[in-house]
Amino acid sequence: MAVLPYPAKPAQAVAGLPGLVHFFEHLGPQDLPRLGEFYAPDAHFKDPFNDVRGLLAIEAIFAHMFCAMASPRFVVLSQMASGNQAFLVWDLRFQFQGQQAWHTIHGATHLSFDAQGLVLDHRDYWDAAEELYEKLPVLGGIMRWLKRRVAKG
């Protein structure tokens, strides 16, 4: 995680948070070129599957999301901000391509902002096994069995 060597001005660092939340809650494939309005050019992004740096790499991750999922929508449930840091709790609601059932991934994001209020570091936290693998037809059954087996100790 990139931590700034100087304290960012809180008004600058988190002033963009409401706009960023609105952007993600209304995100569509056509909005991806706008990531530069919210992210620094060399921003870092990490989630359970990706660890990339730069706007093009981050845009590619979200573009892949729209290819893999039908109608993905982020719903930000809560947010906290202090100094150059912010934390979001969210749900990602989606359908797998070609399926009717809706699914939800519960997660959280830690954000660090630069002095201009752009995201410098974006780290998503969510349990890929529980939130994704268990929802897949074949793999889900195996994951649920493993979870029960480990829980019985």
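Where a number appears in this text, it was derived from the coordinates with a stated rule and is not lab data. Keep in mind it's a predicted model, so treat the numbers as computed, not measured. Cβ coordinates were reconstructed from backbone atoms using ideal geometry, including for glycine residues, and neighbour counts include every protein chain displayed.
Quick notes
- Listed from fewest to most Cβ neighbours within 10 Å, the set ILE61, ILE105 follows the order ILE61, ILE105.
- Neighbour counts of other Cβ atoms within 10 Å put HIS64, HIS122 in the fewest-to-most order HIS64, HIS122.
- Candidates THR104, HIS64, GLN79 compared by Cα position along the dipole of the stretch 10-126: farthest toward the positive end lies THR104, with charges placed on Cβ.
- Footprinting exposure proxy for PHE49, PHE24 (fewest neighbouring C-beta atoms within 10 Å first): PHE49, PHE24
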